[in-house]
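So that we are looking at the same thing, I have put the structure below in structure tokens.
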Amino acid sequence: MYYIGISAYYHESSVFLTNNNGINCFLKEESFSRIKGDKNFPKRCLDFLIKKFDLNEKNIKFISFYEKPFKSWWELFYYSIKNPIQNRDFLINHLKFFNKSAIFFFTELNKKIKISKNKIIYSSHHLSHCLYGMTIVKNFSEYVYLTCDGVGEGETMAAFTIDENYKIKKIWTNYYPDSLGLFYSTITDFLGFEVNEGEFKVMSLSSFGKPKYVKKFKKILNTENSKLDIKYFEFHKSSNKSFSKKLRNIIDEPYLNINIDANFKKYADIACSAQIILEETMENIMRNIIKISNKKKIVLTGGVALNCKMIHNLSKLDFFDELIVPPSPGDSGSAIGAANFAFLNHKKNEILNLKTVFLGPKKQLINEKINKDNYFVKICTTENFIEETVNKIIEGNVIASYYGATEIGPRSLGNTSIFCNAKNSEIVNNLNNKIKKRKNFQPLAPMLLEEDFKKYFNINENVKKNLEWMGCLCDAKKNLYEKYSSIIHIDGTSRTQIINDETSITYKILKELKKEGSEILVNTSFNISKDPVVFDIFDVFVNMKRMDIKFVLMDDGLYQTKNI
């Protein structure tokens, strides 16, 4: 029997199917629509699953939605209707899109799968985040689960515990509009980056600045109690405007050209100050949660948890025993939490046991009816295609990877990536600026074997687990500067991934690369900036042509694109 979790209508719609016995399939709607961050009802994901797993009333135990639709809609409406004139624009938009909201989830679902209503259940927003976090730790009752994002069901943060008898208890909540996530997103918008996509750019930019605006920001967000001064914001008034004139008055003009040096410096200072406010607030929240729960192991989920610089800096304060951020802590990963809610609802005393971050479909399943020979030619001259791939990397080539099961979360972890030799700074810069078209203040990420990690990096053990999915920064040692300076950020950190699965192709590549005198690969997602990561063979071919990448490593060998 299958358990299905669905997250949709806000950001990155996704579906997760599992039987908790070896069959797992995580999908994002953007993979099919090719619209980055597609938030629409995931009809294409469901089409895929219905076809591949022959889904029907009989083999589905439960379908779980990640939040309570009416509560989520009503809480924002209720807050705004208190000041209807002031919040007029927001209210009009909120009512205008009522019939496109999650309230009509069952109607949309029933168009795809005819299933009885008693098999449809609803989790709650922050509980779904929490339940996803429970799937990645072993001794789940030892942790306190903290969620932090923009808003969900009128809540912006929440904390939960679960005991050995699987009883879940909410121990703390923070309410809209006091939102740490919306504060950081507002700064993202002010600096000219796209909300829900550009927050990581603000994080990277912050390392170039100085904390000149911290005192001013502390008037906007109280770091002790997480309260916002709402006069500086307009996200509660408008559907397309997040900040007020009052914010502009204290930190100058928004949407300036960041490519001009003076503007870059000013915006770096704003980003730096916002980052400090984020970290100070989160530290106070965590200390409070530890005190309430009497637990010093934390699982942090929600979109704010993607800020790996925050995780790195918090780890140095040494007030917790362990901090884990799941690979996909945002709303997309909540589809897994919703499936876990369905499973727990059925089993009562058991939760999903997911042992890998590669929960997407295997490439063979995706491309069952696509002949890759129409697009690629195999160029391996021996059975040892790993050795030939490494030779291409050493020669200075950029190599795409497309093998195994697909990663979850926003970061490619080897199976759907682009690689190059981290020693070759010219190739690294070309990959970052010309091929991926990233901002020049965003460094690419290194990947290496776990056995080599301590040779080049330092990190506190309390967050090291997160390195398996790039969930934390680490500090560069001196000899990293000597050999691999191109992957070090201006603040001396790197967003490193460690590889320890000896059966994986990625592990074998790094082992072979080590024989050639290079221990680190650059790893970046297999997509052009602002596009979704590739999904099927056709996406692979089109993106390689657009980025002028010649070689791709697949499960059965090294291939080159055809001229068609």
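The values are calculated or read from the model by the stated rules, or taken from the named source; none is laboratory data. Worth saying up front: this structure is predicted, and the values here are computed from it rather than measured. Quick reminder, even Gly has a Cβ in these numbers, built from the backbone with ideal geometry, and neighbours come from all protein chains shown. Heads up: the accessible areas ignore ligands, DNA and RNA and are worked out on the full protein's heavy atoms, side chains in. Shrake-Rupley method; radii C 1.70, N 1.55, O 1.52, S 1.80 Å.
Probe of 1.4 angstrom, ligands and nucleic acids ignored: what's the accessible area per residue over the stretch 494-564, in square angstrom?
39 Å²
Based on the alpha-carbon gyration tensor of the stretch 330-411, what equivalent-ellipsoid semi-axes (square roots of 5 times the eigenvalues) come out, in whole Å, largest first?
Here the semi-axes work out to 37, 15, 12 Å.
Next up: To the nearest 500 deg cm²/dmol, what mean residue ellipticity at 222 nm is calculated for the chain from DSSP H runs of n ≥ 4 alone, each contributing -39,500 (n - 2.57), summed and divided by the residues? Spell out each step's value before the answer.
Working: 20 runs with 197 residues, N = 564.
Using -39500 (n - 2.57) per qualifying helix, the result is -10000 deg cm²/dmol.
Hey, another quick one. For Glu279, what is the net charge nearby, where nearby means another residue's Cβ is under 11 Å from its Cβ and Lys, Arg count +1, Asp, Glu -1? Could you put the intermediate results ahead of the total?
On the way: positive: Lys309, Lys316; negative: Glu280, Glu283.
After counting each charged neighbour, the total is 0.
Suppose all protein chains stay in the model; what accessible area per residue would a 1.4 Å probe give for the stretch 437-482, in Å²? Before the final figure, lay out the partial values.
Numbers: 1930 Å² over 46 residues.
Heavy-atom SASA per residue in the stretch 437-482 reads 42 Å².
Could you tell me the extents of the stretch 5-54's C-alpha atoms along the three principal axes, largest first, rounded to whole Å?
Here the spans come out as 31, 18, 13 Å, largest first.
Under the 0.36 nm per residue contour assumption, what length would be gained going from the current alpha-carbon distance of Ile250 and Asn294 to full extension?
Working: separation 44, 0.36 × 44 = 15.84 nm, distance 4.00 nm.
11.8 nm is the gain from fully extending Ile250 to Asn294.
What translational diffusion coefficient, to the nearest whole µm²/s, does the stretch 476-544 have by Stokes-Einstein, given a Kirkwood radius computed over alpha-carbon pairs, a temperature of 10 °C and 1.306 mPa s viscosity?
After rounding, the answer is 109 µm²/s.
Which whole-number value in Å² is the accessible area per residue of the stretch 123-281, probe 1.4 Å?
Details: 6330 Å² over 159 residues.
Result: 40 Å² of accessible area for each residue.
Please find the FRET efficiency linking Arg88 to Arg546, where r is the Cβ-Cβ separation and R0 is fixed at 60 Å, and quote it to the nearest 0.05. It would help to have the intermediate numbers written out before the result.
Details: r = 44 Å, r/R0 = 0.73.
The calculated FRET efficiency here is 0.85.
Then there's this: Send over the Kirkwood Rh of the stretch 20-151, from the inverse of the averaged 1/r over different Cα pairs, rounded to one decimal Å.
One decimal place: 17.5 Å for the Kirkwood radius.
Would you mind working out the magnitude of the charge dipole of the chain relative to its Cα centre, with +1 at each Lys and Arg C-beta and -1 at each Asp and Glu C-beta, to the nearest 20 Debye?
Dipole about the Cα centre, nearest 20: 1260 debye.
Using label points projected 7 Å from each Cα along Cα→Cβ, tell me how many nm separate Tyr507 and Asn371, to one decimal.
Distance between the two pseudo-spin positions: 3.6 nm.
With the Cα gyration tensor of the stretch 233-349 in hand, convert its eigenvalues to equivalent ellipsoid semi-axes via √(5λ) and list them largest first in whole Å.
So the three semi-axes of the stretch 233-349 are 34, 21, 14 Å.
Here's something else I'd like to know. Hey, what does the equivalent ellipsoid look like for the stretch 350-462, semi-axes from the Cα gyration tensor as sqrt of 5 times each eigenvalue, largest first, whole Å?
Each semi-axis is √(5λ); the values are 25, 24, 16 Å.
How much accessible surface area, in Å² rounded to 10, belongs to the heavy atoms of His11 with a 1.4 Å probe?
40 Å²
In the chain, which helices (entire DSSP H runs) extend 30 Å or more along their own long axis, judged by Cα positions, while averaging at least -1.0 on the Kyte-Doolittle scale? Don't skip to the answer; put the middle values down first.
Numbers: long enough: 261-293 (47 Å, 0.01).
Correct list, ordered by number: 261-293.
Could you look at the chain and say what percent of its accessible area is carbon and sulfur, using a 1.4 Å probe and all protein chains?
Summing carbon and sulfur atoms, their accessible area is 47 percent of the total for the chain.
Please compute the alpha carbon radius of gyration of the chain, then divide it by the globular-protein estimate 2.2 N^0.38 Å. Two decimals is fine.
0.95
Go through Gly471, Phe105, Ala271 and say which Cα lies farthest out towards the positive end of the charge dipole of the chain; charges sit on Cβ, +1 for Lys and Arg, -1 for Asp and Glu.
The Cα lying farthest towards the positive end belongs to Phe105.
Compute the FRET efficiency between Ala262 and Phe538 as 1/(1 + (r/R0)^6), taking r as their Cβ-Cβ distance and R0 = 56 Å, and round to the nearest 0.05.
Efficiency, from the Cβ-Cβ distance: 0.80.
Report, for the chain, the % of DSSP beta bridges that are antiparallel, rounded to 5.
Roughly 65 percent of the DSSP beta bridges within the chain come out antiparallel.
Express in nm, to one decimal, how much length is gained between Lys210 and Phe104 on full extension, taking 0.36 nm for each residue of separation and deducting their alpha carbon distance.
Working it through step by step, the gained length comes to 33.5 nm.
Here is a follow-up. Taking the dipole about the Cα centre of the chain, with the C-beta of Lys and Arg at +1 and of Asp and Glu at -1, give me whichever of Asn433, Asn294, Leu247 is farthest to the positive side.
It is Leu247.
Taking +1 at the Cβ of each Lys and Arg and -1 at the Cβ of each Asp and Glu, which of Ser518, Asn56, Ile564 sits farthest along the dipole of the chain towards its positive end, judged by Cα position relative to the Cα centre?
Going by the charge dipole, the pick is Asn56.
Hey, which of these cross-link pairs are over 32 Å Cα-Cα: Lys218/Lys296; Lys363/Lys437; Lys266/Lys309; Lys112/Lys437; Lys296/Lys355; Lys112/Lys347?
Lys112/Lys437
Take every Cα pair under 8 Å in the chain that's 6+ residues apart, average their separations, divide by the length, and report that relative contact order as a whole percent. Can you show the working numbers first?
Numbers: 1137 pairs, mean separation 90.3, N = 564.
Computed value for the chain: 16 percent relative contact order.
I would also like to ask the following. Over the stretch 277-398, with a single point scatterer placed on each C-alpha, what log10 of the ratio I(q)/I(0) does the Debye formula yield at q = 0.13, 0.14 1/Å?
Summing over Cα pairs of the stretch 277-398 leads to -0.83, -0.88.
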